[in-house]
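Step one of this worksheet: look at the structure below.
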Amino acid sequence: MSCFERDASATPTGGTALNDFAHMAPRAPARTPAALRNGGRVKRDAAAPAGVYLPNNNVLTPSMRSPDYVQLSTAAAITLGIMPGRMHRCGCTRCLNLLLTYPEGCRANCAYCGLARHREAERNYADRNFIRVDWPAVPVADIVDIVAQDVAGSPFHRMCISMITHPSSDADTVSVLRRWTERIDPDAIPVSILSNPTTMDRADVVRLRELGADIFTVALDAATPAIFERTRGKGVQSPHRWDKYWEVMMDAREVFGPQKFGAHIIVGMGETEYELLELVQRIVDLGGHSHLFCFFPERGSLMDHLPATPRDQWRRVQLARYLIDYRGVRVEHMRFDAHGAVADFGLPQSELDAIIDAGIAFRTSGCPGKFADDISACDRPYGDSPPSDVASYPFQPVAVDIRKIRHQLGRLRDGERYDEGEDIEQFAR
Ligand code: SF4
């Protein structure tokens with residue numbers, strides 16, 4: 001049920017055009033030559049892995065396979081000390097994000113995802129960009145060895161295993177989790193599972209909980225069934241089904257319990273703000289949390305020709321989701337305009353100002369770390385934007401960032417201003 005009338009001819013009050021459903025259509029996947037399907041090139045070359053593999057490094061992609069190998073985010077690889085580099089305004093990441101890996105790669109074809117199957121002809125799985133960065137491949141034993149040397153002093157507040165769509169993914173997630181918990185106390189560094197419901201049933205959820213996983217999330221990604229079908233289902237020859245994702249999320253609700261399950265949702269793939277926030281409310285009412293991602297046209301994906309989510313849309317949804325998830329505001333307390341964009345957040349101005357100024361609402365959302373319940377361990381530096389136009393802040397926003405956010409929200413105070421690029425200039429010095 002919707003509390004507004006949709007009018008596609010105008011923009012939300014004071015804002016830019018939304019990434020609406022009519023404009024956010026993925027292109028159709030091309031056919032992959034038979035010889036290149038299922039990791040054909042990597043299997044043909046059969047290069048033996050030899051420790052850490054850095055993607056796109058002018059060497060043959062080795063044939064690496066979970067559970068012996070996983071990929072990890074560039075930020076995690078830098079923090080772990082197996083890759084040189086620095087992140088703009090971030091010392092390190094607090095979440096060790098691991099991604100299962102196979103020469104065949106993910107067998108799904110999600111339109112916004114850099115790992116999708118339709119890229120087989122263009123790029124080997126271990127060399128594909130995902131949430132804007134490369135993912136080096138590393139032996140699981142090496143990762144566990146490094147972290148186990150000093151668990152108490154580890155920079156990581158959480159470890160997360162991201163499943164992909166592959167016939168071995170369920171069993172290998174169990175193996176990776178076992179290898180971790182045999183050496184590292186999951187109470188010291190809790191573990192999250194970013195699940196792949198398509199291949200799972202309730203027994204898989206139970207097994208992961210019994211083995212010590214702390215939080216179970218479902219990458220719903222799409223905010224409505226129609227967007228799900230278009231971007232992850234039959235629309236792109238991909239196997240996922242909205243109902244199956246909900247079924248597994250409801251299993252996780254029962255097995256993991258309140259505050260220990262949730263969903264990932266991408267903002268700006270064609271939904272209205274109302275539709276997305278109603279979903280956030282539904283998940284909160286079930287006892288879970290939502291983790292938001294700002295749509296970014298991932299290079300090589302079926303949506304790389306489409307615009308990133310306008311910043312005003314993104315900031316409104318980020319702020320409203322924070323109010324619903326952590327401040328007890330309900331979607332029914334908010335008011336929406338004819339586009340379904342938030343027109344009123346349902347809080348007195350002074351309270352809203354204090355929350356905006358605190359900045360936490362605009363940080364990356366995800367499973368909590370050790371600082372506070374509403375501060376995510378998973379900071380995913382620049383996973384949904386370039387540093388010049390930050391969507392999810394992987395650090396605590398400071399005064400210049402808050403002015404930029406207020407500017408994007410159309411809520412600068414009297415006499416306050418933000419000049420384009422001010423935040424970048426301040427930290428380039
Ligand atoms: S299932 Fe996950 S990893 Fe695979 S294509 Fe979809 S979003 Fe990407």
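Which one is farthest from S154 (Cα to Cα), of the residues in segment 81-134 that are within 12 Å of the ligand (Cβ to nearest atom) and of a type in the set (S, T, Y)?
Only one residue tops the list, namely Y112.
Does segment 375-392 include one or more residues that are surrounded by fewer than 18 Cβ atoms within 10 Å (Cβ to Cβ) and either at pLDDT 95 or above or under 18 Å from V267 (Cα atoms) (or both)?
Here is the first cut: in segment 375-392, the residues surrounded by fewer than 18 Cβ atoms within 10 Å (Cβ to Cβ) are 386-389.
Adding the requirement that they be either at pLDDT 95 or above or under 18 Å from V267 (Cα atoms) (or both) leaves 386, 389.
Checking segment 375-392: at least one residue is surrounded by fewer than 18 Cβ atoms within 10 Å (Cβ to Cβ) and either at pLDDT 95 or above or under 18 Å from V267 (Cα atoms) (or both).
Pairs needed: first member in segment 231-250, free of Cβ contacts under 8 Å to residues at least 40 places away in the same chain; second member anywhere, within 13 Å of the ligand (Cβ to nearest atom) and part of a helix (DSSP H, G or I); C-beta distance under 9 Å; at least 6 residues apart or different chains.
Cβ pairs passing all conditions: W242/F228; W242/R232; W246/P197.
Every residue, every condition in (1) within 21 Å of the chain's Cα centre (by Cα); (2) of a type in the set (S, T, Y), yes or no:
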residue: F130; (1), (2): yes, no
residue: H157; (1), (2): yes, no
residue: S168; (1), (2): no, yes
residue: V174; (1), (2): no, no
residue: S192; (1), (2): yes, yes
residue: N196; (1), (2): yes, no
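Looking at segment 213-225, can you tell me whether even one residue there is away from the ligand (no atom under 16 Å from the Cβ), surrounded by fewer than 17 Cβ atoms within 10 Å (Cβ to Cβ) and of a type outside the set (A, V, I, L, M)?
Yes: segment 213-225 contains one or more residues that are away from the ligand (no atom under 16 Å from the Cβ), surrounded by fewer than 17 Cβ atoms within 10 Å (Cβ to Cβ) and of a type outside the set (A, V, I, L, M).
Since F156 meets every condition but one in (1) surrounded by fewer than 20 Cβ atoms within 10 Å (Cβ to Cβ); (2) more than 15 Å from A116 (Cβ to Cβ), which condition does it not meet?
For F156, the failing item is (1).
State whether the residues of segment 196-210 include one that is closer than 29 Å to P84 by Cα, in contact with a strand residue (DSSP E or B) (Cβ under 6 Å, 6 or more places away or on another chain) and modelled with pLDDT of 95 or more.
no
Filter segment 183-202 for residues that are outside any loop (DSSP other than H, G, I, E, B) and within 16 Å of the ligand (Cβ to nearest atom); which is farthest from Y245 (Cα to Cα)?
Filtering first and then ranking leaves S192.
Keeping to segment 406-429, report how many residues are in a loop (DSSP other than H, G, I, E, B) and acidic (D, E).
Residues that pass the stated criteria total 4.
Taking the condition closer than 28 Å to A226 by Cα and in a strand (DSSP E or B), does L99 pass?
Yes, satisfied.
Take A111 and tell me if it is over 17 Å from P55 (Cα atoms) and small (G, A, S).
Spelling it out, A111 is indeed over 17 Å from P55 (Cα atoms) and small (G, A, S).
So if I check each of V151, V144, V174, V138, which one is more than 16 Å from the ligand (Cβ to nearest atom), crowded, with 23+ Cβ neighbours inside 10 Å and of a type in the set (A, V, I, L, M)?
Details: V151 fails: crowded, with 23+ Cβ neighbours inside 10 Å; V144 fails: crowded, with 23+ Cβ neighbours inside 10 Å; V174 fails: crowded, with 23+ Cβ neighbours inside 10 Å.
Checking each option against the conditions leaves just V138.
Could you look through segment 228-244, keep only residues that are crowded, with 24+ Cβ neighbours inside 10 Å and not in a loop (DSSP other than H, G, I, E, B), and pick out the one that is nearest to the ligand (Cβ to nearest atom)?
R232
Surrounded by 18 or more Cβ atoms within 10 Å (Cβ to Cβ), free of Cβ contacts under 8 Å to residues at least 60 places away in the same chain and in a helix (DSSP H, G or I) - does that describe any residue in segment 329-348?
Looking for residues that are surrounded by 18 or more Cβ atoms within 10 Å (Cβ to Cβ), free of Cβ contacts under 8 Å to residues at least 60 places away in the same chain and in a helix (DSSP H, G or I), one finds at least one in segment 329-348, hence yes.
The values are calculated or read from the model by the stated rules, or taken from the named source; none is laboratory data. Just so it is clear, the structure is predicted and the values come from calculations on it, not from any experiment. Cβ coordinates were reconstructed from backbone atoms using ideal geometry, including for glycine residues, and neighbour counts include every protein chain displayed.
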